[in-house]
Amino acid sequence: MIELSVRHLNVTLQNTPILNDVSLDVENGAFVCIVGPSGAGKSTLLKQLNRLDPGKVGGEILWRGQNIDTYDVHQLRRQIAYTFQKAVMFEGTTEENIRMALQYGPKMSHQETEELYQHALEIAGITPNILKTPASSLSGGQQQRVGIARVMMMAPPVLLLDEPTASLDVETSNHFCQTLKRMKGLIGIKDNIKKTFLMVTHRLEEAKFLGDKILMLEDGKVVEYTDAAQFFTSPTTERGKAFLKAENL
């Protein structure tokens, strides 16, 4: 099943072209890592999928066959959730920060809610000893885990991650990627459909570890969109080969 389709997407911001005729299909359950040099349009593409960026001037984006512009934006973001580079923490404890997402998720019984809550804690690697701790006092890595657990409580079919490890040290980043690895293949609590991930990263070792598919952008254009194994062993374009060589891969 095709989860997301991007068709001839063009984006211009402040009279500057950012994305140029971008087209791709994302299969349900895929983990797509988006790579490329700085300024390639990676984050812009991710934001377009969630309607966070108003700069679209042409093309269309479909979620399960329906144009995302036809959705109420709040309804859309319950289905296609976006996590920022730095997780936003609100006033209150860790537990309160996680449970607040329930108001945006699907309607569930009390038992289903508690099962989902425990599942979110387990997947995100959150230990009971920090649940009553003010969320604002947590470390950067812990806050990222809270952000993941909060998104899990919304039970979105699609999760967009914009450089989630950019501000983390290597050890914390590795733990976070292990968390994402555990999330691969998870099915929805209501529909039995696998979750789909798209992640922007500058760390190619993360893309190699997590990605099923690699999307490489350069100058706002698709350079490569292929299986991760093929991209890292035999990219099909000269620009793809040059990019990997520059990254010492």
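So here's what we get for this one:
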quantity: Meets criteria (touching a Cys at 6+ places or on another chain (Cβ under 9 Å) and either part of a helix (DSSP H, G or I) or closer than 20 Å to Glu206 by Cβ (or both)) for Thr179; calculated: no
quantity: Residue, farthest from the chain's Cα centre (by Cα), within segment 64-98, restricted to residues that are farther than 14 Å from Arg145 by Cα and among the small types (Gly, Ala, Ser); calculated: Gly92
quantity: Residues within segment 48-77 that are closer than 20 Å to Lys221 by Cα, modelled with pLDDT of 95 or more and buried (at least 18 other Cβ atoms within 10 Å of the Cβ), tallied; calculated: 3
quantity: Complete set of residues in segment 2-38 that are at positive phi, in contact (Cβ under 8 Å) with a residue 12 or more places away in the chain, exposed (fewer than 15 other Cβ atoms within 10 Å of the Cβ) and not charged (D, E, K, R); calculated: His8
quantity: Exclusive hit being in contact with an Asp or Glu (Cβ under 6 Å, 6 or more places away or on another chain) and among the basic types (Lys, Arg), set Lys56, Lys42, Lys86, Lys47; calculated: Lys47
quantity: Any chance Thr237 is touching a strand residue (DSSP E or B) at 6+ places or on another chain (Cβ under 8 Å), surrounded by fewer than 19 Cβ atoms within 10 Å (Cβ to Cβ), on the phi < 0 side of the Ramachandran plot and among the hydroxyl-bearing types (Ser, Thr, Tyr); calculated: yes
quantity: Every pair of residues 6+ apart whose Cβ atoms lie under 8 Å, when the first sits in segment 107-126 and is without any contact (Cβ under 8 Å) to a residue 40 or more places away in the chain while the second is of a type in the set (Ser, Thr, Tyr); calculated: Ile126/Thr94
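Yes/no per residue for (1) within 17 Å of Gly105 (Cβ to Cβ); (2) not basic (Lys, Arg):
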site	(1), (2)
Ala124	yes, yes
Thr127	no, yes
Pro134	no, yes
Ser139	no, yes
Arg145	no, no
Val151	yes, yes
Met154	yes, yes
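The values are calculated or read from the model by the stated rules, or taken from the named source; none is laboratory data. Source: prediction; values computed, not measured. Cβ coordinates were reconstructed from backbone atoms using ideal geometry, including for glycine residues, and neighbour counts include every protein chain displayed.
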